[in-house]
Amino acid sequence: YPIDRIRNFCIVAHVDHGKSTLADRMLQLTELVDPRKMRAQYLDKMDIERERGITIKAQAARLPYKPLGDVGDEYLLNLIDTPGHVDFSYEVSRALNACEGAVLLVDAAQGMEAQTIANLYLALEADLEIIPVMNKIDLPAARPEEIAREIAAIIGGEPEDVLRISAKTGEGVREVMDAIVDRVPAPTGDPEAPTRALIFDSFYDAYRGTLVYFRVVDGRLEPGHKIRLLATNFEGEIDDLAVNSPEETPIDALGVGEVGVLSAAIKNVAEAKVGDTITLAGKKCRDVAPLPGYREPLPMVFSGLYPIDSDDFPLLRDALDKLRLNDASFSYEPETSAALGFGFRCGFLGLLHLEIVIERIDREFDIPLVTTAPSVRYRVTLERLDPETGEPIVLEVSNPQDLPEPNQIAAIAEPTVRVMILTPSSYVGPVMQLCEGRRGNMEAMDYLTEERVELRYQLPLASIITDFFDQLKSITRGYASLDYEPSGYQESNLVRVDVLLNAEPVDAFSSIVHRDEAYPFGKAMVEKLKELIPRQMFDVPVQAAIGSKVIARETIKARRKDVLAKCYGGDVSRKRKLLEKQKEGKKKMKNVGSVEIPQEAFVSALRTG
Ligand code: GDP
Ligand code: MG
């Protein structure tokens, strides 16, 4: 295709506002998909994505399109479908950088959500042409006038400029495609310059190795070309070069502005990272500059993963190795816990990412797990100086167990986030209360319209990885939405709260919390454990402590009856059966010092919210 006929665009939308449905309608309009093969959410490939209605991986589809009544050649529209979730905002920003335009899709009944606005800002940063579209105008609950005003207030322009469509019925979809043709600029790039292509996603395929999705910025790519990836220095030869239209179709070359997928015997997705630049291995490309914006993935949330059955440890390692082939953005390293045995400390981009990985371990590998409460990565400055530099030693601690003794610590800093919350104005009070109760500092409050308020807070990341989102939803009856971005570290008065059973600390229950929250946290924890741990042969004190100072205490009273007491003198086989039963029950117990804790107690006590 000639460059001036190419339009690269994405759809920015909140979950459920109809992105996949609109993509389906666009595919149908291009008549590329056999109507008999058409299925809902054609582009969402992974099972988890279909079931949860989220896009985790970016997708691309090539849509040849001819506006009605247009006498010229057809246009090539490339739809790049991006993940919409806050955990993946770096991936979103790379996919946006592969486009020149964005369709801002808003549900006519729901209005703008925080996530949409956050992604809209990313799109504006990437200098994209924004086409505002209101979807679901067929719904009786639609409030088109009000929502159009809201959209115009945020992006500028007039409410009348907002296109009104129903992706469900197809009404207005052609107008959206025409607007893309008219208003989204054609790509710019130099066909003669050394080849540069932006990787906006990569997948692992068991047969072909890593499949790399890219957009050509300068030059061209052909099958057989020797390529080099700048960030990882991977070199290899292109085996397959293809486009998705929407099924993968081989192609003999891709030039400036075009979007495609290649394989080059890349064994691991970590070798073809999102945001990296593809160039050619020859002399001509030796000094080529990387495309801007590349970043290493940065885990934000950490959790210990332990197999419930310790024999599953090697299986868990295998599972993590396999998942990692596919997802270079989570990290793991072995760790041991006196209470839970051998496991892994894993780092994730965010809570949804953590859930997805755990769900995949369960679904694809069937390994029952205990996961410890999510934590963040602290920066701990020690009193001790580094003998070489003379500077204080700084440690990164993501497992509460690794926190040094209080007397060795000069300061602890914790990661913070800038949070954006959109809420109906009637709930502003409770939302402010929630944020302030979580150590938040307000940065701004704006009325987008009379009914909708945007609140901005600076909050510790640790405050939002527990049940913040659930609380927010419950106090606003589901109407508020949330988005956040990392905003550096701040010093805080943090302490480790340990939990002791029968005077012995149980490492898996330790947590790092703010000093002001330590007492309520400790109290809640011992109360929960008192309920969860069955009575033993003796009284068991349950304590929460900071260092050697006990801050909360409960006692699990000794149990009175012996299982065998009631069959004293009874028949022997019944007695044996009972003993066997007791033994089986024991298997699911973990011995922590002298106390038996059922596995279930760990699972429940560590569950947050
Ligand atoms: P996504 O999460 O943004 O990809 O949203 P989907 O395309 O999966 O749509 C979410 C839900 O809204 C689905 O049940 C769709 O059938 C429905 N939906 C999408 N577009 C429309 C529309 O124009 N009108 C109505 N009434 N429902 C729609
Ligand atoms: Mg979808």
* Which FRET efficiency value, to the nearest 0.05, is calculated for GLU451 and ARG515 with the Förster distance at 30 angstrom and r the Cβ-Cβ distance? -> 0.15
* Asked: Which log10 I(q)/I(0) values, to two decimals, does the stretch 468-557 give at q = 0.15, 0.26 Å⁻¹ under the Debye formula with one point per Cα?
  -> -0.70, -1.19
* Asked: Under DSSP H, which helices of the chain have Cα atoms covering 27 Å or more of the helix axis and a Kyte-Doolittle average no less than 0.5?
  -> none
* Asked: When N counts the residues of the stretch 395-459, how does its alpha-carbon radius of gyration compare numerically with 2.2 N^0.38 Å, as a ratio?
  -> 1.58
* Asked: For ASP240, what accessible area in Å² do you get when you roll a 1.4 Å probe over the heavy atoms of the protein chains, rounding to the nearest 10?
  -> 60
* Structure fact -> Among the stretch 514-546, those whose backbone N falls under 14 Å of a label point 7 Å along Cα→Cβ from ALA503 are 539-543
* Structure fact -> The longest stretch of the chain containing none of the chymotrypsin sites (Phe, Trp or Tyr not before Pro) that sit in a DSSP loop with at most 12 other Cβ atoms within 10 Å is 208-537
* In the stretch 70-229, if every C-alpha pair distance is counted and binned at 10 Å from zero, what percent goes to each bin? -> 9, 31, 33, 19, 7, 1
* Asked: Are there GluC sites (Glu not before Pro) in the stretch 222-283 that DSSP puts in a loop and that have at most 16 other Cβ atoms within 10 Å, and which ones?
  -> GLU247
* Provide the net charge surrounding SER89, with neighbours chosen by a C-beta distance below 9 Å and charges set as Lys +1, Arg +1, Asp -1, Glu -1. => -4
* Give me the distance between the Cα centres of the stretch 242-279 and the stretch 544-558, rounded to whole Å. => 58
* To do: May I have the convex hull volume per residue, in Å³, for the Cα set of the chain?
  => 203
* Structure fact -> Counting Lys and Arg as +1 and Asp and Glu as -1 over every other residue whose Cβ sits under 11 Å from the Cβ of THR188, the net charge comes to -4
* All aspartates and glutamates inside 18 Å of LYS136 as judged from Cα atoms, apart from same-chain residues fewer than 8 positions distant -> ASP16, ASP24, ASP107, GLU113, GLU145, GLU146, GLU150, GLU160, ASP161, GLU171, GLU175
* **Relative contact order (percent, whole number), the chain, Cα cutoff 8 Å, 6+ residue spacing** => 9
* Share of the chain's accessible area from carbon and sulfur, percent, 1.4 Å? -> 49
* Pairs to check: LYS19/LYS66; LYS473/LYS557; LYS66/LYS283; LYS284/LYS322. Give those whose C-alpha atoms are more than 31 Å from each other in this structure. => LYS473/LYS557; LYS66/LYS283; LYS284/LYS322
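The values are calculated or read from the model by the stated rules, or taken from the named source; none is laboratory data. Not measured: the values here are computed from a predicted model. Methodologically, a virtual Cβ is constructed for each residue, glycine included, from the backbone with ideal geometry; neighbour enumeration extends over all protein chains shown. Each accessible area value is taken on the protein alone, full model and side chains, heavy atoms only, with ligands, DNA and RNA left out. Shrake-Rupley method; radii C 1.70, N 1.55, O 1.52, S 1.80 Å.
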